[in-house]
Amino acid sequence: MKNFLVLIGIGLVLVSCGDDDVGGIPGESLPPRPLAEVAAENDAEIQEYLSTHFYNYDEFQNPPADFDFRIVIDTIAGENSDRTPLLEQVSSATVNVSSFEFRLSDEQLDVPHTFYYLEADEGIGVSPTIADSTFVQFEGSLLNGTVFSGINNNGEWFDLARIQAPLQGLRGFAEGMVKLQSGGAIITNPDGTFNVDQPGIGLVIFPSGLGAFNSNVAAIPNSQFNPVIFRLKLLLVNPTDHDNDGIPSIDEDLNGNGYLFDDNSDEESEIELGGNNAPLVSDFQDFDDDNDGVSTRDEISDEDGNIIFPYPDSNNDGIPDYLDPDTN
């Protein structure tokens, strides 16, 4: 349990794939291409892959005694020609991406990007939100089979909100994680390590517009313009309040699009005070969401420091005080 508490502590502060780890660009970026053009190409590649490959679903349906519950993908051919293709077993979802997120000069807005996901073994815990931290074992590869990150037997923390940031390269990873459920009880081993009972196991396949696009990022090297596959084992979920303002980070996704970096209630006042080059702080990272000089936590708490819910709206204008610069 001590090891588990240490891991939780790490997850509360930061995650292993924070800004310094994921966002670095170790190599040259490729010349940019239109976002919509690449999205269409990637989707065709993904669907071709899903049509011609299968996973070891028979082992998941009837696990042998020594089964390690690892997803193995192979080509439908020869003795495997009668296998059910992944295309008939995956689900899909669509996320809109705009070119400015990759600092591209063309102005393509809300370009649909489809990702595909599979839950091979249902976990018995909870599903994370797109704002939570998750402790997960994973394996990343390109469609051609090139593995760029092997299964980490110890697992790693991923802050799903932060790895969605532009140029981080893991937005599709985060979108896939929320489709799984975590495990249940924590089982401590005699050697001090731990396991989690019945974690969720699955995979996600996503286009480069939900990954690195034309950049060469540390998290998924050599993936420029290429779709990516992650095999996932979700162990633990930790709900987050990144700025410790008393409001869960998921509740600061005000437009409800699952992307926390485009919610900034005080953007106009930040620009007014700091100019066009002023640093802009998204609500989930901003301890004073309306920039009125009173912290969000103070505006939603009583005299004893207890959070008041529903959040106070002292002038009854339909805007809670912590988002309303006319109240303080």
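Take TYR322 and decide whether it is surrounded by 15 or more Cβ atoms within 10 Å (Cβ to Cβ), among the aromatic types (Phe, Trp, Tyr) and more than 15 Å from ASN244 (Cα to Cα).
Values: surrounded by 15 or more Cβ atoms within 10 Å (Cβ to Cβ): yes; among the aromatic types (Phe, Trp, Tyr): yes; more than 15 Å from ASN244 (Cα to Cα): no.
It is false that TYR322 is surrounded by 15 or more Cβ atoms within 10 Å (Cβ to Cβ), among the aromatic types (Phe, Trp, Tyr) and more than 15 Å from ASN244 (Cα to Cα).
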Exercise for the section: Look through the range 154-165, keep the residues that are within 18 Å of GLY256 (Cα to Cα) and of a type outside the set (A, V, I, L, M), and return whichever of them is most open to solvent (accessible area, probe 1.4 Å). Expected result: ARG162
Handout entry: Residues of the range 275-295 satisfying the condition of being open to solvent by less than 50 Å² (accessible area, probe 1.4 Å) and outside any loop (DSSP other than H, G, I, E, B)
Key = ASP283, PHE284
Practice task
Considering each residue of the range 84-136, count those that are part of a strand (DSSP E or B) and either of a type in the set (Gly, Ala, Ser) or open to solvent by 30 Å² or more (accessible area, probe 1.4 Å) (or both), and give that number.
Solution key: 12
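For the range 170-235, which fully contained strands (runs of 3 or more DSSP E) count at least 1 residues that are modelled with pLDDT under 95 and open to solvent by 10 Å² or more (accessible area, probe 1.4 Å)? Step through it out loud before you land on a result.
Numbers: elements: 186-188, 194-196, 200-206.
Answer list for the range 170-235: 186-188, 194-196.
Looking at GLY123, GLY183, GLY145, GLY169, can you tell me which residue is on the phi > 0 side of the Ramachandran plot and either in contact with a Ser or Thr (Cβ under 7 Å, 6 or more places away or on another chain) or touching a residue at least 40 places away in the same chain (Cβ under 8 Å) (or both)? Walk me through how you get there before you give the answer.
Values: GLY123 fails: on the phi > 0 side of the Ramachandran plot; GLY183 fails: on the phi > 0 side of the Ramachandran plot; GLY145 fails: either in contact with a Ser or Thr (Cβ under 7 Å, 6 or more places away or on another chain) or touching a residue at least 40 places away in the same chain (Cβ under 8 Å) (or both).
Sole residue among the options that is on the phi > 0 side of the Ramachandran plot and either in contact with a Ser or Thr (Cβ under 7 Å, 6 or more places away or on another chain) or touching a residue at least 40 places away in the same chain (Cβ under 8 Å) (or both): GLY169.
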Problem - Residue satisfying condition, being within 28 Å of ALA218 (Cβ to Cβ) and of a type in the set (Asp, Glu), within set ASP121, ASP74, ASP132 - result: ASP132
Problem - Residue satisfying condition, being over 27 Å from GLY183 (Cβ atoms) and either touching a residue at least 40 places away in the same chain (Cβ under 8 Å) or aromatic (Phe, Trp, Tyr) (or both), within set PRO221, PRO248, PRO239, PRO279 - result: PRO221
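Mind listing just one residue for me: the one in the range 236-265 that is of a type in the set (Ser, Thr, Tyr) and at pLDDT below 95 and, of those, farthest from LEU170 (Cα to Cα)? Walk me through it before giving the result.
The initial filter retains those residues of the range 236-265 that are of a type in the set (Ser, Thr, Tyr), namely 240, 249, 259, 265.
If we keep only those that are at pLDDT below 95 too, we end up with 259, 265.
Values: TYR259: 12, SER265: 25 Å.
Step by step, filter the range 236-265, then rank; the result is SER265.
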Fill in the blank from the handout: Among residues of the range 28-56 being touching a strand residue (DSSP E or B) at 6+ places or on another chain (Cβ under 7 Å) and closer than 22 Å to ILE201 by Cβ, the residue surrounded by the most Cβ atoms within 10 Å (Cβ to Cβ) is ILE46
Completion exercise
Note on the range 296-306: residues of a type outside the set (D, E, K, R) and open to solvent by less than 70 Å² (accessible area, probe 1.4 Å) are THR296, ILE300, SER301, GLY305
Exercise for the section: Give the range 149-193 a look and list any residue that's aliphatic (A, V, I, L, M) and in contact with a Cys (Cβ under 9 Å, 6 or more places away or on another chain), or say none. Expected result: ILE163, LEU170
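The values are calculated or read from the model by the stated rules, or taken from the named source; none is laboratory data. Given the structure is predicted, the values throughout are model-derived calculations rather than measurements. Positions of Cβ are backbone-derived with ideal geometry, glycine not excepted, and every protein chain shown enters the neighbour counts. Please note that ligands, DNA and RNA were not included when accessible areas were found on the heavy atoms of the full protein model with its side chains. Shrake-Rupley method; radii C 1.70, N 1.55, O 1.52, S 1.80 Å.
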